[in-house]
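The values are calculated or read from the model by the stated rules, or taken from the named source; none is laboratory data. Source: prediction; values computed, not measured. As a convention, Cβ positions derive from the backbone with ideal geometry for all residues, glycine included, and neighbour counts pool all protein chains shown.
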Amino acid sequence: MAPPPPPYDISQRPQSVQALLAMFKDGLKLGKEQGITNAFNPLRHRHFHVWIDNNHRLPKVTKKSILAMALLFHLLGRALNSEMEFFFISHSNTEGDQLTEEESRMAEALDKLWKTQRWSEANGLINENSPPGQGQQMRSSYQQPQAASQQTTNTETTRERFKRILSHVRDLKGQFWQGFDQSKIELEGKISRREIGHYKRLISRLEAVSTTVLLLTGSPLQQTEADAIIEFQRNNSPRDGGRHTNTVRDQDSKLCIQTIAWTEYMDDAGKESLRKIDNAFKGDDDINDLAEVNDTQLLRRGPTAKLLFKILNKDQNPPSY
């Protein structure tokens, strides 16, 4: 009879590997303590959309901490063969198979326009001297709302004009937004401002599938943006004749939005806006949940099993994380 294999020993592995394995073991134990299979079980049963805030204005430690958390979800998604997609707030997957060739070209052109820094640069992408196709597509999409605008461009400053075109581009981008499947993306090679449009896309597109959205962000939310999000969600409430049903937070619910907010460098007003959304609804209409984390500590120590339990299991939260 062959001798049994030697025990698996990770004592010589890097400290980060040992900490990660310890966190996974704690998650398995914590799940049983809470009366469920394990802390990570929802990854087997729900569709997950992971939205990554890659705002270039974020502090370096915040960017790295958000990326580390995204990589962890990527690892979990692959390990459990989850239905998981990754989205970036500032750009879409323009090479996916959900877009036609023409739509892909348009999405790429919009991404380029979104990344411009000034009016003269943006205008160069939509005028007739732009590269063939790109400029024509951009101009045809922009001219109609431009003509219908109540503003008089002659009285606008270039800064106001630039803000207006970016606002319109933001709305156009939503038509072509798609993510990256966890099995087809290497996050190390991939990693604007968060705004109302992302919440609208989440709520309006995902009602047909049991989906958990993980929104990883370090960008503060303005009070007016929070109010607009709450109003939009209220107008889409099933109790008020909206399109969505069964938004309770369990494995059978249709849509849950879990925001993980990196708040070390976020002002109090930004934090309060996020909390306002979290506390805006009750019962079946409450699809929002919020976890606030410290940017530096999370990067140095990694997430605890209790934090991941809270993020993935919603109403079955442990006492603290």
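Considering only residues that are surrounded by fewer than 21 Cβ atoms within 10 Å (Cβ to Cβ) and assigned to a loop (DSSP other than H, G, I, E, B), look in region 267-302 and name the one that is farthest from the chain's Cα centre (by Cα).
K282
Just to be sure, is G35 at pLDDT below 85, outside any helix (DSSP H, G or I) and more than 20 Å from the chain's Cα centre (by Cα)?
Values: at pLDDT below 85: yes; outside any helix (DSSP H, G or I): yes; more than 20 Å from the chain's Cα centre (by Cα): yes.
Considered against the rule, which asks whether it is at pLDDT below 85, outside any helix (DSSP H, G or I) and more than 20 Å from the chain's Cα centre (by Cα), G35 comes out as yes.
Go through (1) farther than 24 Å from L110 by Cβ; (2) modelled with pLDDT under 90 one by one and return the number of the condition E85 breaks.
Only one criterion is unmet by E85, namely (1).
Counting just the residues of region 59-79 that are more than 15 Å from V293 (Cα to Cα) and buried (at least 19 other Cβ atoms within 10 Å of the Cβ), which one comes out modelled with the highest pLDDT?
F73
So which residues in region 1-32 are of a type outside the set (D, E, K, R), part of a helix (DSSP H, G or I) and farther than 17 Å from R78 by Cβ? Full working, then the answer.
Taking region 1-32 first, the residues of a type outside the set (D, E, K, R) are 1-8, 10-12, 14-24, 27-28, 30-31.
Filter once more, so that each one left must be part of a helix (DSSP H, G or I): 15-24, 27-28, 30-31.
Once the filter is applied, which keeps residues that are of a type outside the set (D, E, K, R), part of a helix (DSSP H, G or I) and farther than 17 Å from R78 by Cβ, region 1-32 yields Q15, S16, Q18, A19, A22, L28, L30, G31.
Can you pull out every residue in region 38-67 that is in contact with a helix residue (DSSP H, G or I) (Cβ under 6 Å, 6 or more places away or on another chain) and over 18 Å from V213 (Cβ atoms)?
Matches in region 38-67: N38, A39, V61, T62, K64, S65.
What are the residues in region 88-135 that are at pLDDT 75 or above, more than 15 Å from H168 (Cβ to Cβ) and not in a helix (DSSP H, G or I), if any?
Those that are at pLDDT 75 or above, more than 15 Å from H168 (Cβ to Cβ) and not in a helix (DSSP H, G or I): F88, I89, Q117, R118.
Quick check, is T158 at pLDDT 75 or above, outside the structural domain of H56 (by TED's automatic domain parsing) and over 24 Å from I89 (Cα atoms)?
Against the criterion (at pLDDT 75 or above, outside the structural domain of H56 (by TED's automatic domain parsing) and over 24 Å from I89 (Cα atoms)), T158 qualifies.
Picking from A22, A39, which residue would you name as being in contact with a Phe, Trp or Tyr (Cβ under 8 Å, 6 or more places away or on another chain) and assigned by TED's automatic domain parsing to the domain that holds L75?
Values: A22 fails: in contact with a Phe, Trp or Tyr (Cβ under 8 Å, 6 or more places away or on another chain).
Going through A22, A39 in turn, the sole match is A39.
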